[in-house]
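Q: One structure coming up, written as structure tokens, with questions to follow.
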Amino acid sequence: MKRFVRQTLMVTFFFTATLLRPSYADGVEYSVEGLQGIDISKLCVSSGLRGGSADVVVVFENTSNEMVFLDGISSDASSSGELFFKDLADSAVTKSGFGVAREEVLNLSRSHIGARLTGLKEDLEPGDHPLVYLNFRNGTLETAAHVLPKGQCR
């Protein structure tokens with residue numbers, strides 16, 4: 001009986017450790033806090049000046065078994081962040097975020113939706129790696145992002 005319990009605990013530990021392992025986006029490690037099933041394939045931030053804003057490009061797939069909701073974006077390098085819809089004239093900030101269905105890919109780059117960091121606390125220069133927080137309803141994904149020159153973060 002003790003052997004069975006010990007084997008069950010070992011299998012549970014291995015399964016949990018596998019699920020919680022660090023993942024990588026462009027070679028930068030990120031950690032998951034209360035959220036599973038989000039696979040980031042791209043994350044970068046454009047350079048920007050203190051007090052200004054910086055565009056964020058993020059592409060991720062929802063590999064979980066349920067719909068997830070991206071409610072916001074923030075960073076240690078900015079006072080706030082915005083998710084927005086783009087149109088021909090301008091952009092409109094969304095307060096409700098974006099729903100991402102199971103096995104769907106969300107691409108916040110050259111599509112009709114986007115993200116930006118606002119109120120930069122410091123200049124962001126190419127080569128910097130600020131922490132970016134993708135705020136979901138079920139948890140927060142913390143990721144170190146690459147800063148690229150304006151126009152090169154696509």
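The values are calculated or read from the model by the stated rules, or taken from the named source; none is laboratory data. Because the structure is a prediction, the values reported are computed rather than measured. Neighbour counts run over all protein chains shown; Cβ positions are idealised from the backbone, glycine included.
Q: What number of residues within the stretch 91-147 satisfy the criterion of being of a type outside the set (Gly, Ala, Ser), free of Cβ contacts under 8 Å to residues at least 40 places away in the same chain, within 16 Å of residue 64 (Cβ to Cβ) and not in a strand (DSSP E or B)?
A: Matching residues across the stretch 91-147 total 0.
Q: Something else: Of everything in the stretch 54-80, what is touching a residue at least 40 places away in the same chain (Cβ under 8 Å) and out of contact with any strand residue (DSSP E or B) (no Cβ under 9 Å at 6 or more places or on another chain)? Give them in sequence order.
A: none
Q: Now a separate question. Pick from the stretch 112-142 the residues that are of a type in the set (S, T, N, Q) and within 19 Å of residue 100 (Cα to Cα): which of them is surrounded by the fewest Cβ atoms within 10 Å (Cβ to Cβ)?
A: In this case the residue turns out to be 138.
Q: Now for a different question. Give 80, 64 a once-over and let me know the one that is among the hydroxyl-bearing types (Ser, Thr, Tyr), modelled with pLDDT under 90 and either surrounded by 12 or more Cβ atoms within 10 Å (Cβ to Cβ) or outside any strand (DSSP E or B) (or both).
A: Every option except 64 fails the conditions.
Q: Exactly one condition in (1) part of a strand (DSSP E or B); (2) crowded, with 19+ Cβ neighbours inside 10 Å is not met by residue 153; state its number.
A: Among (1) part of a strand (DSSP E or B); (2) crowded, with 19+ Cβ neighbours inside 10 Å, residue 153 violates only (1).
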